[in-house]
Amino acid sequence: MTQFSEHQLIDWRRELHSWPELSGREVETTARLRRWLQDAGLRLLDYPLETGVIVEVGRGDTLIALRADIDALPIHEATGLAYRSRNSGVMHACGHDVHSAVMLGAALQLKAVEDQLPGRIRILFQPAEENATGARQLINAGVLDGVQAIFGMHNEPGLPTGTFATRGGAFYANADKFIVRVSGKGAHAAHPEEGVDSIVVASQIIQALQSLTSRSFNTLDSLVLSVTRIDAGKTWNVLPGEAEFGGTVRTHDKQVRAELEQRARALVENIAAANGASATFSWHPGPPVLENDARWAQFASNVAQQAGYRVQTAELHLGGEDFAYYLQQIPGAFVSIGSASEFGLHHGGFNPDEALIAPAAHYFAQLAQQALQHLNARCRDAILN
């Protein structure tokens, strides 16, 4: 029975790592994945996608999905590895090359036992996770049609290799972006009284936004508002008439998310008006809160225990993940697998332990098979009852 070799999966991961591509531009990544999957005899499905690959293994009406993401980040790599990025300023700094290698291994293992599978497994090599557009592209293309449960993973650099974690309910946070534009009145820096200082107004708004999260919401709520950039002025002796800043908001509570947007908007507009300026507040929703189905999260943990992982309950994660869009459509579970990197995600020195790849591939192959068996048993029970 032909399966994968750990050496092969690591080689594939390193090739993907050497040639990273940004969200929506994963043309060569897609070509590599298609070639490797076709050479292994996998059945490629035809969907209207510019990048990304969808394959299916098995036969029958019962259908579950596994997902890997394939895009990289606009980050300069600083690992010094022999297989470091050859695309300047682009790096797999989030480990999507690892995720792809894991699901390649799972696909090969499932292909080796295809005749024994009690249903179908659809494996999604999804583009554009980093800009949160890829999952919706696949959903709109019909990739989830007929799928009864979906599973995915993210490597977790803060966990040791061989450790598994997930949780039922809210797991990853929503990841929203906001932009504030302040309009004052420009003036010579020597005569501030002749203008309305947009920098001072923006500074007051920023301070108030920080107080809003710490003083107007329950301290037990998981809530972060971070201003990540500010742009104002071009020279040293002129007060600029315009200032702009932006950032992100993360929470695990839908009500808190909605209330914060409303209160932040009012705060921005009122502080600007009190200073004789005006301001606009624009809110750009990102992925929603990722909410695991509690039963599938427990199921995934049970299979991980069988597979030899050290299983623990995951802490709430303030990162965003567009897998959340899938879980709005169908039940499933997203899990963390330890990658033991000294540097964290989205860092130029990020270097996950490749020893996680083969065990994770085995795990997802086992999870897929047991999930099909579970769904079939549940269907039989429903008929009998």
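Within segment 223-258, restricting attention to residues that are crowded, with 18+ Cβ neighbours inside 10 Å and in a loop (DSSP other than H, G, I, E, B), which residue is modelled with the lowest pLDDT?
D253
Across segment 37-82, which residue is surrounded by the most Cβ atoms within 10 Å (Cβ to Cβ) among those that are under 19 Å from the mean Cα position of the chain (by Cα) and in a strand (DSSP E or B)?
Taking the candidates together, the pick is D69.
For A294, which of the numbered conditions (1) under 24 Å from I330 (Cβ atoms); (2) surrounded by 20 or more Cβ atoms within 10 Å (Cβ to Cβ); (3) touching a Gly at 6+ places or on another chain (Cβ under 6 Å) fails to hold?
All conditions are met except number (2).
Could you pull out the residue among A132, A128, A187, A141 that is touching a helix residue (DSSP H, G or I) at 6+ places or on another chain (Cβ under 6 Å), among the small types (G, A, S), closer than 27 Å to V55 by Cβ and open to solvent by less than 60 Å² (accessible area, probe 1.4 Å)?
A128
Just checking, which of G338, G332 is open to solvent by less than 70 Å² (accessible area, probe 1.4 Å), more than 25 Å from V55 (Cβ to Cβ), out of contact with any Cys (no Cβ under 9 Å at 6 or more places or on another chain) and touching a residue at least 24 places away in the same chain (Cβ under 8 Å)?
Going through G338, G332 in turn, just one is open to solvent by less than 70 Å² (accessible area, probe 1.4 Å), more than 25 Å from V55 (Cβ to Cβ), out of contact with any Cys (no Cβ under 9 Å at 6 or more places or on another chain) and touching a residue at least 24 places away in the same chain (Cβ under 8 Å): G338.
Taking the condition of being open to solvent by 30 Å² or more (accessible area, probe 1.4 Å) and more than 30 Å from A190 (Cα to Cα), how many residues in segment 259-270 meet it?
6
Is it fair to say F281 is modelled with pLDDT under 95, of a type in the set (F, W, Y) and open to solvent by less than 50 Å² (accessible area, probe 1.4 Å)?
no
If you take the residues of segment 344-385 that are of a type in the set (D, E, K, R) and part of a helix (DSSP H, G or I), which of them is nearest to the chain's Cα centre (by Cα)?
E354
Does any residue of segment 315-326 turn out to be under 22 Å from V98 (Cβ atoms) and either more than 18 Å from the chain's Cα centre (by Cα) or open to solvent by 60 Å² or more (accessible area, probe 1.4 Å) (or both)?
yes
Kindly indicate which of H346, H362, H374 is touching a residue at least 40 places away in the same chain (Cβ under 8 Å), open to solvent by 10 Å² or more (accessible area, probe 1.4 Å) and within 30 Å of V180 (Cβ to Cβ).
H346
The values are calculated or read from the model by the stated rules, or taken from the named source; none is laboratory data. Since this is a predicted model, take the numbers as computed values, not measurements. Cβ coordinates were reconstructed from backbone atoms using ideal geometry, including for glycine residues, and neighbour counts include every protein chain displayed. Heavy atoms of the whole protein, side chains included, go into the accessibility calculation; ligands, DNA and RNA do not. Shrake-Rupley method; radii C 1.70, N 1.55, O 1.52, S 1.80 Å.
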